[in-house]
1. Kindly indicate whether any position in the stretch 76-98 is surrounded by fewer than 16 Cβ atoms within 10 Å (Cβ to Cβ), at pLDDT 85 or above and β-branched (Val, Ile, Thr).
2. Could you list, in sequence order, the residues of the stretch 1-30 that are under 18 Å from VAL58 (Cβ atoms) and open to solvent by 40 Å² or more (accessible area, probe 1.4 Å)?
3. Considering only the stretch 99-119, how many residues are open to solvent by 30 Å² or more (accessible area, probe 1.4 Å) and at pLDDT below 90?
4. Can you name the residue in the stretch 54-69 that is assigned to a helix (DSSP H, G or I) and not hydrophobic (A, V, I, L, M, F, W, C) and, of all such residues, is least open to solvent (accessible area, probe 1.4 Å)?
5. Residue check, LEU63 against (1) under 14 Å from VAL39 (Cβ atoms); (2) more than 10 Å from the chain's Cα centre (by Cα); (3) of a type in the set (A, V, I, L, M, F, W, C), all met but one. Which one?
Amino acid sequence: MLFTDANWAEASASRRAIAKPYQPWRCVGWTDEEVCFWVFPERGTNQSDDLPDGLLVVGPEVLLDVIAQMPADTFSVYVLQPGSQGRAAGLRRLLGLYSQTAISATALDYWYRTEEGDLYPCSRLQSYMPNDAPLNLAFESEVRDLSVV
């Protein structure tokens, strides 16, 4: 989840005007209830020039909606991975996003794979091991060297 404080809003009227229709913030916070992703469109591929340099996205469903609106292979995706079990928190390149029928069978669980090759749950409410249902590839990233990061 993303959150902010009214004191973190951009104070400069000219910067707020430049950012329209978006609302600029100097600082946002995040929790690891759901994984946050950072989508970086390649420069020059933004047809409307309305997109910011990066989009901070909460959760796998929203990520899939956002990237469905972008031309294929014109963006890179990173995950804001929380630290735990001796692993440092950080920004890691997303290689794959997988869906799986949840144990309750009323929803989907999502898993992500980073460039290190490990598989992680997209929500801390999920167990740390996939159930027996097959994993379905929902998104696969082509590894490229982009100059935006």
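1. No, the stretch 76-98 has no match at all.
2. Those that are under 18 Å from VAL58 (Cβ atoms) and open to solvent by 40 Å² or more (accessible area, probe 1.4 Å): MET1, LEU2, PHE3, THR4, ASP5, TRP8, TYR22, GLN23, TRP25, CYS27, VAL28, TRP30.
3. 13
4. PRO60
5. (2)
The values are calculated or read from the model by the stated rules, or taken from the named source; none is laboratory data. Because the structure is predicted, anything quoted here is derived from the model rather than measured. Heads up, the Cβs are rebuilt from the backbone with ideal geometry, glycines too, and the neighbour counts pull from every protein chain shown. Surface areas here come from the heavy atoms of the whole protein model, side chains and all, with no ligands, DNA or RNA. Shrake-Rupley method; radii C 1.70, N 1.55, O 1.52, S 1.80 Å.
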